[in-house]
Amino acid sequence: MKNFLSNYFKIEEHGSTISREIIAGMTTFATMAYIIIVNPKILEAAGIPFGPSMVATIISAFFGTMAMGLYAKRPFAVAPYMGENAFIAFTVVKVMGYSWQTAIGAIFIGGVLFVIFTTTGIRSWMISAIPKNLKNAFVVGIGLFLTFIGLNTTGIVSIGVPGAPIHLGDISNPATLLAITCFFLMAMLMARKVNGAIIIGIIVTTVGAFFLGVSTPPTSFFSMPPSLEPTFLQLDITGTFTWGFISVILTVFILDFLDTMGTLYAVSHHAGLLDENGDLPEIEKPLLVDAITTVLAALLGTTTAGVFVESATGIEAGGRTGLTAVTTALLFLAALFLEPILTTIPPCAYGPSLIIVGMLMIAPCKDLEVEDMSELVPAFLVIALMSFTYNLGTGMTAGFIAYPFMKTVTGKINEISAGMWMLCFLSVLFFLTCPH
């Protein structure tokens, strides 16, 4: 078995070991296990039953992550996206008044379109057209985005008032103090080259949270999963065939396209998987996994799925091959029966890992072209708007619009590829039609 795993995933070729890949998979899972509860909680606001939604979330994550490991052989985890779920629940259902079944129908249509765009090579063509400076900006922007999520999740930074929208949190709070301690514990272990530094920090902090009363220990270890019947195949596709619903489908399509593209590049850069041209070899495989998983997610009754940025925590733990993803997928499968344990991991334990990874992802700053304004302005908008709008898609679309504009007004229109013009067009459509 050891030889089979080594040969199938080319573990030694990637400078890794089986034990390191398994620890990395556990790290990724521990960091993103919150999605099991948070995704169905958000979708519950749209009327989707919590229990079946939780099962749909887990099965989607298991299928997508396992396919990413076995087929694409990449150390990336796939699960229903944060952001898209809120858009469906609060904008499409709550504000626009559509049923959740119709909203899930839009997710299905978006997934089918992605399968078509991927198998025809259109997605990879558009991704390859993005200039290197913008790609580096994606990594930095996502790193700062992750950092802000971690700071806010742990209470180190709090949402303020209109005059001061962000301020220092209550650092006397035991949970916040635990989060700060966890951050420095992870940093110390990483500085001393300890394998599994992030997962060790998560486990130690979770135990500490139990003793300090910040989190309640589980009263049981196992539970049977609820039935999937209330959400399985309940999507309404015919309800999407209205003129007013086109903006919803377009928004779902563009959000997933951009989130997957930016996240995939960022985590691949962090893992050292890009080639000398800054491209990910065989990118069609992870893109196809993302597309098919989104179709499955809609059939199960949940929202758009794609590569999770938290995969970077497993990569930082040493994950370089598909075995990392397979490990994460198996843990998602086990989560069907381990919900009582998983829900006890507090934000002060997993939040610091996002800060750590965000810190490490600012490394491409040194490669940003800052002397040429036609390169600097789009890159700056990507980084700033990803963080300050709390939306990866907004930052990327702003960059895709600013790049052709700046190149044109500086007399460098010949540097704009056909793919970039297409991305610019889609980005303009996004801002014109997105239900804000």
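Couple of notes before you dig in:
- Extreme residue, surrounded by the most Cβ atoms within 10 Å (Cβ to Cβ), among residues of the range 199-219 that are aliphatic (A, V, I, L, M) and part of a helix (DSSP H, G or I): Ile202
- Condition met for Tyr350 (modelled with pLDDT under 80, in a loop (DSSP other than H, G, I, E, B) and of a type in the set (Phe, Trp, Tyr)): no
- Given (1) at pLDDT 80 or above; (2) under 17 Å from Phe332 (Cβ atoms); (3) crowded, with 20+ Cβ neighbours inside 10 Å, number of the condition Leu43 does not satisfy: (2)
Matching residues to (1) more than 25 Å from Ala317 (Cα to Cα); (2) in contact with a Lys or Arg (Cβ under 7 Å, 6 or more places away or on another chain); (3) basic (Lys, Arg):
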residue	(1), (2), (3)
Ile18	no, yes, no
Ile23	no, no, no
Thr28	no, no, no
Ile37	no, no, no
Ile48	yes, no, no
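- Residues of the range 40-64 that turn out to be on the phi < 0 side of the Ramachandran plot and not in a helix (DSSP H, G or I), as a count: 4
- Cβ-Cβ distances below 8 Å connect the following pairs, each with a first residue in the range 373-396 that is touching a residue at least 12 places away in the same chain (Cβ under 8 Å) and open to solvent by less than 30 Å² (accessible area, probe 1.4 Å), a second residue that is part of a loop (DSSP other than H, G, I, E, B) and basic (Lys, Arg), and a separation of six or more residues or different chains: Ser374/Lys412.
- Of all residues in the range 64-88, those that are more than 16 Å from the chain's Cα centre (by Cα) and within 23 Å of Pro230 (Cα to Cα) total 1.
- Looking only at residues of the range 353-395 that are assigned to a loop (DSSP other than H, G, I, E, B) and aliphatic (A, V, I, L, M), we find that the one that is farthest from Phe257 (Cα to Cα) is Val370.
- Residue match in the range 21-39 (condition: open to solvent by 10 Å² or more (accessible area, probe 1.4 Å), modelled with pLDDT under 85, of a type in the set (Val, Ile, Thr) and part of a helix (DSSP H, G or I)): yes
- The range 9-20, residues that are assigned to a helix (DSSP H, G or I) and either surrounded by 22 or more Cβ atoms within 10 Å (Cβ to Cβ) or β-branched (Val, Ile, Thr) (or both): Phe9, Ile18
- Number of positions in the range 280-320 that are out of contact with any helix residue (DSSP H, G or I) (no Cβ under 6 Å at 6 or more places or on another chain) and farther than 30 Å from Gln101 by Cα: 2
- Ile22 under 27 Å from Met1 (Cβ atoms) and of a type in the set (A, V, I, L, M, F, W, C): yes
- The residue that is modelled with the lowest pLDDT, among those in the range 93-133 that are open to solvent by less than 40 Å² (accessible area, probe 1.4 Å) and small (Gly, Ala, Ser), is Ser124.
- Enumeration of residues in the range 130-153 that are in contact with a Pro (Cβ under 6 Å, 6 or more places away or on another chain) and polar (S, T, N, Q): Asn136, Thr153
- Test set (1) surrounded by fewer than 22 Cβ atoms within 10 Å (Cβ to Cβ); (2) in a helix (DSSP H, G or I) - Asn136 fails condition number: (1)
- Test: residue in the range 74-92 that is within 16 Å of Pro286 (Cβ to Cβ), of a type outside the set (Ser, Thr, Tyr) and open to solvent by 10 Å² or more (accessible area, probe 1.4 Å): yes
- Of the listed requirements (1) open to solvent by less than 20 Å² (accessible area, probe 1.4 Å); (2) at pLDDT 80 or above, Phe63 misses just one: (1).
- Selection of the range 139-173 for residues being out of contact with any strand residue (DSSP E or B) (no Cβ under 6 Å at 6 or more places or on another chain), surrounded by 15 or more Cβ atoms within 10 Å (Cβ to Cβ), over 30 Å from Phe400 (Cβ atoms) and of a type outside the set (S, T, N, Q) yields Gly155, Ile156.
- For Pro281, the conditions (1) surrounded by fewer than 24 Cβ atoms within 10 Å (Cβ to Cβ); (2) in contact (Cβ under 8 Å) with a residue 40 or more places away in the chain all hold with the exception of (2).
- With respect to being open to solvent by less than 10 Å² (accessible area, probe 1.4 Å) and in contact (Cβ under 8 Å) with a residue 24 or more places away in the chain, Ile341 falls outside the description.
- First in the range 286-304 and more than 23 Å from Ser227 (Cα to Cα), second anywhere and among the charged types (D, E, K, R), Cβ under 7 Å, 6 or more apart: Pro286/Arg74; Leu287/Arg123
The values are calculated or read from the model by the stated rules, or taken from the named source; none is laboratory data. These numbers come from a predicted model, not from an experiment. No Cβ is skipped: glycine too gets one built from the backbone with ideal geometry, and neighbour counts run over all protein chains shown. These area figures cover heavy atoms from the full protein model, side chains too; ligands, DNA and RNA do not enter into them. Shrake-Rupley method; radii C 1.70, N 1.55, O 1.52, S 1.80 Å.
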